[in-house]
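The values are calculated or read from the model by the stated rules, or taken from the named source; none is laboratory data. On a predicted model such as this, the values are computed, not experimentally measured, just so you know. Please note: Cβ atoms are built from the backbone with ideal geometry, for glycine as well, and neighbour counts cover all protein chains shown.
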Amino acid sequence: MLTRVFGWLAVAGLAVGLVMSFGVAPRELTQGNVQRIMYVHVPAAWVAYLAFVVVFAASLVYLATRRPGADRVAHASAETGVVFTGLAIAAGSIWGKPTWGTWWTWDARLTTTAILFVIYLGYLLLRGMVDDHERGARYAAVVGIIGALDIPLVHFSVLWWRTLHQPPSVGRPEASAMDPIILVTLLANVVAFTLLYVYFVGKGVRILRRREEALA
Amino acid sequence: MSAFARRAFIVLWKDFAIERRSKETLNALAFFALLLLFLFQFSLGSDRERLTAALPGLLWLGFVLSGLLALGRSFVIERENDCWEGLLLAPGDKSAIFLGKLGGNLLLMLAVETLILLLFGVFFNVDVGASLGPLALIVLLGTIGFAALGTLFAAMTAHVRARELLFPVLLLPVQVPVLLATVKATEAALTGAPLASVAHWLGLLVAADVVYVVAGLLTFDFILEP
């Protein structure tokens, strides 16, 4: 029931976000319409990080309490996170082609996101390959914790290795160049994507529970 | 010696004794290291300058590939020899087993890495002796990080279908920070730059080692459960 409410909220949010992205927000002067990709790219990246933090927390809870619910939340959140990481990379790539002139470059944040993508793909692969359900949940929780602990290390190593990405434009006092309408549009999309994430995880948890009941 | 340290040491000694008597893994790994060298030479051609530029990366590629083979086997032998139950029944804190296994794997990897370094010195004309001190430190720091998570994931994948596939797929992405740091630091060490110029990379390696070893100690219990 609650999941359904979040689903409809997400639909409404996405509709508002779409209208604002294409109708309300002005065309950016230097980049043109290409800049509108940001309204997908940034929220997707945000949801990806949120999802992996949830995987970390749920994994800790699972190992401490062994509640199957925590395991399902971690599983569903990881699946959603991987999808949104892929979406963020794809959207960034499409934006990068006209802006940087290349689909892919080994820039710091691109690389970090790509590494996260493969870490959590490995996590999902592991879940699929362990026959015993309870054992799979335990192993996945360990990988979920280590993957999250690894994020700062990956971030700094890749940052020192090379950097080209423009610094983030939200939440920095000197980056006041952003039009308030653009900012509001971006935030509306972030909210919409977060609602969508909650809906996906809720739905995923229910499917996982049904599957376990069916197999039990 | 506390009980914990003694338990860890017993596991380490057991692995060492098995390897000393059978020499199974070490022999195969030495041969594999030699083959890797051929492979690098053939795939990059004989252009000496290009080889020199790629050397730090190749060196760590050699360490990683041989390390994957070495670590991947470390818990499979327990299963093949029906010793897994013995590990489960061992009294006390299971993280001592992790520490012992990690020590054994570390010794094995360091032995192979010494061999690879020697081979590089002979075949690729690397002056290993000139920067031995810094190089030894970097190799040690990098190998601890690699072996810590490798030991943990090897214990995990010992029970999984397609473990040869899943082990590298799980381990390699998580090891990216260690790989970047060691390659950059090795590059500096081989060109004779002072270690202070790569202090931030060494700091990252130390941080990674601490995080991985502590995470391994804390989570190993959950992996060894029946």
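Values as computed for the structure displayed
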{"read-out": "Where a residue in the stretch B:158-180 is more than 7 Å from chain A (Cβ to nearest Cβ) and its partner, wherever it lies, is aliphatic (A, V, I, L, M) and in a helix (DSSP H, G or I), with Cβ under 6 Å and at least six apart", "value": "B:Ala158/B:Val76; B:Pro168/B:Leu68; B:Val178/B:Ala208"}
{"read-out": "Filtered residue count, the stretch B:41-63, keeping only those that are surrounded by fewer than 20 Cβ atoms within 10 Å (Cβ to Cβ) and under 12 Å from the mean Cα position of the chain (by Cα)", "value": "1"}
{"read-out": "Candidate set from the stretch A:96-120 (those that are of a type in the set (D, E, K, R) and part of a helix (DSSP H, G or I)); member that is nearest to the other protein chains (Cβ to nearest Cβ)", "value": "A:Arg109"}
{"read-out": "Residue match in the stretch A:56-69 (condition: touching a residue at least 12 places away in the same chain (Cβ under 8 Å) and either of a type in the set (Lys, Arg) or within 19 Å of A:Leu14 (Cβ to Cβ) (or both))", "value": "no"}
{"read-out": "Residues within the stretch B:71-97 that are more than 15 Å from B:Ile18 (Cα to Cα) and of a type in the set (Asp, Glu), tallied", "value": "2"}
{"read-out": "Some residue of the stretch B:72-87 being at pLDDT 90 or above and of a type outside the set (A, V, I, L, M, F, W, C)", "value": "no"}
{"read-out": "Boolean, A:Tyr39 is surrounded by fewer than 22 Cβ atoms within 10 Å (Cβ to Cβ) and in contact with a Gly (Cβ under 9 Å, 6 or more places away or on another chain)", "value": "no"}
{"read-out": "Search result, residues across the stretch A:121-153 that are more than 9 Å from chain B (Cβ to nearest Cβ) and touching a residue at least 12 places away in the same chain (Cβ under 8 Å)", "value": "A:Leu124, A:Arg127, A:His133, A:Ala137, A:Ala140, A:Gly144, A:Ala148, A:Ile151"}
{"read-out": "So B:Ala155, is it more than 9 Å from chain A (Cβ to nearest Cβ), touching a Lys or Arg at 6+ places or on another chain (Cβ under 9 Å) and touching a residue at least 40 places away in the same chain (Cβ under 8 Å)", "value": "yes"}
{"read-out": "Out of B:Ala199, B:Ala189, B:Ala207, sole residue that is over 23 Å from B:Ser66 (Cα atoms), away from chain A (no Cβ under 11 Å) and assigned to a helix (DSSP H, G or I)", "value": "B:Ala199"}
{"read-out": "The stretch B:64-107, subset outside any helix (DSSP H, G or I) and among the acidic types (Asp, Glu), residue surrounded by the fewest Cβ atoms within 10 Å (Cβ to Cβ)", "value": "B:Asp82"}
{"read-out": "Residue count for the stretch B:181-201, restricted to those that are in contact (Cβ under 8 Å) with a residue 12 or more places away in the chain and of a type in the set (Ser, Thr, Tyr)", "value": "2"}
{"read-out": "Residues being of a type in the set (S, T, N, Q) and within 24 Å of B:Val213 (Cα to Cα) - total across the stretch A:109-146", "value": "1"}
{"read-out": "Scope the stretch A:101-120; condition without any contact (Cβ under 8 Å) to a residue 12 or more places away in the chain and of a type outside the set (S, T, N, Q); matching residues", "value": "A:Gly101, A:Trp103, A:Trp104, A:Val118"}
{"read-out": "Cβ-Cβ under 7 Å pairs, at least 6 apart or on other chains, the stretch B:86-97 side polar (S, T, N, Q), far side surrounded by 11 or more Cβ atoms within 10 Å (Cβ to Cβ)", "value": "B:Ser95/B:Leu217; B:Ser95/B:Phe220; B:Ser95/B:Asp221"}
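Residues checked against (1) acidic (Asp, Glu); (2) in contact (Cβ under 8 Å) with a residue 24 or more places away in the chain:
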| site | (1), (2) |
| --- | --- |
| A:Leu187 | no, no |
| A:Thr194 | no, yes |
| A:Lys203 | no, yes |
| A:Glu212 | yes, yes |
